[in-house]
């Protein structure tokens, strides 16, 4: 692991050669898409002879707290660096996101930064971007198209292993007698990150399931069964209530519930609060550091979240985008030259956009947050502040 400094957005390339896409053209400044359009007015920064360059930022939705944070901070940082921006949110609708991206291409953006609604559903519009020589950064979620130039995210498999390891260590599975009862809630099947989260946790815990130390009372251990469409809290709540009603209503004790992210953990926590008849505290995992979940962690309802510092991801992406638009060569040396103070790996083997075609990836390292280290991990670095009620709130509001 390499130590590195920067908050989000390092995107890379002399693109026609290095990765999965190429080139760059001079762009416009008008907005497109269904929600929010922003353009920088300053003239400096990253302009070439053809003028100030424009970055199209396509976010999946405003329904989840984390995408509001990402979209706003990406917009802020790119404009501060001298770029014009076009920012859209697609209401978790694939057709809308395709339309948003088509509009960006029509406006002449120089680079696309996309957090996909569905990583398998953007082939035609990304083929258009490739034909136009527009570099594409897949932000946080991998897109299954070879015109993706780079992928910037956190180590998604590690997110899952951190969740699984937390359960393993909290239940002391290597020493305690057991058996313990556990359930799983996965993420959106359309999100290519979701199986990485699930498999990371399952790879830690499956040996204990196999030897009987852990018991999945519902028998639901397949990702396709436990997945949650669009990471919806209500969908996670409904399924959790069904599981509790079907398998735990007789007083069977539930010891842990592995949830791949905070929006699903919120639903599971609601179900346990309202429908679970046991008297023990159930271990609940999560990911993202959403404010409502941090409140639950402080109150002892949720046990942990895996925090992915959006600021770092944005700054890593920004440095990568600068390198791409400047025509710089991009490889692991970007990490050292950027001087980031957070850990990041340059990975050319783990993520395939099509079978046999890997996409160069910059992968940041996530962190475990519990009630014991909330302030150390989130307040001290400035990501959150402590409100008058003693609960954490986003630093910028």
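The values are calculated or read from the model by the stated rules, or taken from the named source; none is laboratory data. For clarity, every value in this text was computed on a predicted model and none was experimentally measured. Using ideal geometry, Cβ is built from the backbone for each residue, glycine included, and neighbour counts are taken over all protein chains shown.
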- In region 90-137, what residues are crowded, with 24+ Cβ neighbours inside 10 Å and not in a loop (DSSP other than H, G, I, E, B)? 97, 100, 101, 104, 111, 112, 113, 114, 126, 129, 136, 137
- Message: Tell me the residue from 256, 323, 265 that is crowded, with 17+ Cβ neighbours inside 10 Å, touching a residue at least 12 places away in the same chain (Cβ under 8 Å) and within 16 Å of the chain's Cα centre (by Cα), please.
- Response: 265
- Condition test on residue 185, is it surrounded by 21 or more Cβ atoms within 10 Å (Cβ to Cβ), on the phi < 0 side of the Ramachandran plot and touching a helix residue (DSSP H, G or I) at 6+ places or on another chain (Cβ under 7 Å)? yes
- Task: Consider residue 170 carefully, then state whether it is at pLDDT 95 or above and in contact with a helix residue (DSSP H, G or I) (Cβ under 7 Å, 6 or more places away or on another chain).
- Result: no
- Within region 340-364, of all residues that are farther than 13 Å from residue 150 by Cα and out of contact with any strand residue (DSSP E or B) (no Cβ under 7 Å at 6 or more places or on another chain), the one surrounded by the most Cβ atoms within 10 Å (Cβ to Cβ) is 354
- Single match in 282, 204 (criterion: surrounded by 15 or more Cβ atoms within 10 Å (Cβ to Cβ) and either touching a strand residue (DSSP E or B) at 6+ places or on another chain (Cβ under 9 Å) or more than 29 Å from residue 384 (Cβ to Cβ) (or both)): 282
- Kindly indicate whether any position in region 296-316 is modelled with pLDDT under 95, part of a loop (DSSP other than H, G, I, E, B) and either surrounded by 21 or more Cβ atoms within 10 Å (Cβ to Cβ) or in the same structural domain as residue 147 (by TED's automatic domain parsing) (or both). yes
- Looking across region 204-221 at residues that are touching a residue at least 24 places away in the same chain (Cβ under 8 Å) and part of a loop (DSSP other than H, G, I, E, B), the single one that is nearest to the chain's Cα centre (by Cα) is 221
- Which residue out of 377, 322 is more than 17 Å from residue 140 (Cα to Cα), assigned by TED's automatic domain parsing to the domain that holds residue 136 and in a helix (DSSP H, G or I)? 322
